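Undergrad: Provided herewith is a single structure, encoded as structure tokens, for subsequent inquiry.
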Amino acid sequence: MIEDDLRAAFARHEALAPPAGPLRSAIDRLAAARRRRRLRIQAGGAALALLGVLGIGVAQLTPDRVADDATLLAEPVEPAPTDALNILLLGADGSAKEPARMADSVLLLHVPADRSRPYLISLPRDLTVPIPGHGTDKLTAAFGYGAGAGRPDLKRGYELTRRVVTDLTGVRVDAGAVLTYPVLRRLTDEVHGVEVCLPGEVRSIHTERVFPTGCQRLDGAASVDLLRQRRGLPEGGLDRDRHAQLFAAGLIRRAGEQGVLTSPGRLFALADIVGADLMTGGDGTSLVDLLRVLPALKSVDPVGLSLPVGPPEGVGWRLSPDPEQAPAFLAALREDRLAQWAARHPDQVNRTR
């Protein structure tokens with residue numbers, strides 16, 4: 001009797017129920033959107049982590065914020081860039097108590113169109129360059145002129161330096177970052193240290209720590225100590241640039257050994273250390289889409305190069321581009337032929353391990 005009553009009740013109310021087809025379609029669309037969003041977050045996390053290990057602790061990128069835009073991940077995926085990419089990385093020796101006012105290291109990360117492997121190009125901080133609105137001065141001074149007095153504006157410091165680097169090299173800068181040592185320390189400790197193989201002994205003028213010749217694993221504090229050293233080195237800032245390239249390559253290898261690029265948990269941990277001030281390159285392309293090319297690299301072991309310069313001039317250790325080698329080097333950079341240039345000039349390639 002009860003079963004018959006239930007059947008009759010269901011029959012009376014069946015006509016009032018909405019059709020199942022549209023509801024099922026809506027559920028399927030929602031599930032598909034969530035799957036696409038999850039995949040984009042993972043892809044973006046991998047790209048951010050790789051940029052983090054290449055950039056060694058990103059504090060600011062320029063010029064448009066995207067991290068706070070939650071709708072970005074729901075938008076359709078744009079095709080990944082196919083041209084060569086250039087990312088400007090500025091190392092700044094600053095902290096909360098002593099804000100950065102000069103760019104101690106200027107690196108241009110070049111990703112070729114064939115996605116073979118990245119190139120880390122050192123532009124000497126003591127290079128004499130024209131600075132818009134400020135005459136001629138060292139490259140490092142461009143950051144300070146842009147950042148201004150008082151509490152420095154890192155974004156403005158980056159932007160003026162970007163203009164100078166663009167004028168110097170003739171290449172478009174697609175994205176960039178200001179790198180701070182406190183973030184570098186945390187990032188290094190997150191991967192449990194980085195192996196660096198030094199060609200010669202380095203003695204810290206800050207802590208009296210001695211870094212011996214050869215390979216050694218450095219924690220965050222030791223890494224920052226090494227990368228701050230310039231005085232007392234045979235070639236001063238040029239040697240510091242080479243140490244930065246050695247460290248960056250070691251950090252990338254360390255991340256690869258630990259499977260960081262394939263672990264969502266580790267990726268998001270690194271992305272959190274890197275910071276939320278993520279920007280695009282100025283042409284409307286989101287940083288997530290721009291960096292999607294990085295995991296496609298055939299090798300993430302970078303080639304270390306430096307802009308060829310002449311001997312120091314004057315008491316201020318000012319440098320100028322080498323009149324014979326620099327033009328050919330910059331032409332190879334602009335024309336995306338650095339692999340061929342490095343093959344013809346093996347003596348100009350800096351060891352990265």
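Undergrad: Using a Förster radius of 35 Å, what is the FRET efficiency between Arg209 and Thr82 based on their Cβ-Cβ separation? Nearest 0.05, please.
TA: Given R0 = 35 Å and the Cβ-Cβ separation, E is 0.20.
Undergrad: What is the packing order of peptides 116-125, 141-150, taking the mean over residues of other C-beta atoms within 10 Å and listing the highest first?
TA: 116-125, 141-150
Undergrad: If you roll a 1.4 Å probe over the range 178-266 with all protein chains in place, what percent of the accessible area is carbon or sulfur?
TA: 48 percent
Undergrad: Return the distance in nm (one decimal) between the two label points of a simple spin-label model at Asp114 and Arg337, each offset 7 Å from Cα along Cα→Cβ.
TA: Taking the two extended label points, one gets 1.3 nm.
Undergrad: For the ranges 299-311, 336-348, what's the packing order if you count other beta-carbon atoms within 10 Å of each residue, average per peptide, and put the highest first?
TA: The peptides rank, most packed first, as 299-311, 336-348.
Undergrad: Taking 0.36 nm per residue of sequence separation and subtracting the Cα-Cα distance, how much length would be gained by fully extending the chain between Ala296 and Gln325, in nm to one decimal?
TA: Gain on stretching Ala296 to Gln325: 7.3 nm.
Undergrad: Pop a pseudo-label 7 angstrom from the Cα along the beta-carbon direction at both Glu257 and Glu201 and give the gap in nm to one decimal.
TA: In this crude label model, Glu257 to Glu201 measures out at 2.5 nm.
The values are calculated or read from the model by the stated rules, or taken from the named source; none is laboratory data. Quick caveat: nothing in here was measured; it's all calculated off a predicted structure. Every residue, glycine among them, receives a Cβ derived from its backbone with ideal geometry; neighbour counts consider all protein chains shown. Protein only, heavy atoms only, side chains kept; ligands, DNA and RNA dropped before computing areas. Shrake-Rupley method; radii C 1.70, N 1.55, O 1.52, S 1.80 Å.
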